[in-house]
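Laboratory data are not the source of any read-out in this text; all were calculated from the coordinates shown. Quick caveat: nothing in here was measured; it's all calculated off a predicted structure.
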Amino acid sequence: MEMIDNLDKLLMEYLVKKAPPLPENIKVFIVKFGPWISLVLGIMLLPLILAAFGLGALLSPVAMMAGVRLGATYMLGILVAAVQMGLQFAAIKGLMNRQIGGWKLAFYGALVGGVYSIVTLQIVSFLIGTGLSLYFLYQVKSYYK
């Protein structure tokens with residue numbers, strides 16, 4: 001946990017104190033409607049994740065006979081997406097109630113995605129996707145207690 005605390009301090013320094021702040025009305029919009037947007041997107045993505053698990057299991061033998069490898073990276077990607085979705089759903093109630101616990105779950109979800117991007121060498125995805133996610137999370141962190 002000490003490593004997470006140190007990361008939190010570092011991100012507070014760069015994403016809140018040194019980064020340009022979001023306008024107050026945008027922060028309020030994110031805090032008010034972000035959990036609902038997250039819920040809708042999560043529900044929309046759930047069938048895709050379930051289909052990916054099902055299609056992966058169904059197509060693996062066929063793909064292997066065709067010489068295509070649905071290897072560890074594919075399965076890791078599906079697993080990471082499922083973990084992120086789980087964290088996203090778990091965070092919604094806390095975010096709606098403006099509890100720091102909900103914010104932390106959303107933060108952990110962003111970190112999971114960031115670690116996956118680094119492990120799979122998707123540097124642009126890490127810089128843009130994870131960077132923006134963390135920026136928006138830290139800009140509204142003060143609203144959660």
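Would you mind computing the Rg to Rh ratio of the chain from its alpha-carbon coordinates, Kirkwood style for Rh? Show your work: numbers first, answer last.
Details: Rg = 17.4 Å, Rh = 16.7 Å.
Rg/Rh: 1.04.
Can you tell me the Rg and the Dmax, both Å, for the Cα atoms in segment 1-49?
In order Rg, Dmax, the Cα atoms of segment 1-49 give 15.4, 40 Å.
For the Cα atoms of the chain, what angle does the longest principal axis make with the long axis of helix 72-96, in degrees from 0 to 90, nearest 10?
Value to nearest ten degrees: 30.
Rounded to whole Hz and in sequence order, give me ³J(HN,Hα) for segment 126-139 from the Karplus expression 6.51 cos²θ - 1.76 cosθ + 1.60, θ = phi - 60°, writing x for Gly and Pro.
Karplus-based 3J(HN,Hα) across segment 126-139 equals 5, 5, 7, x, 5, x, 5, 4, 5, 4, 5, 4, 6, 5 Hz.
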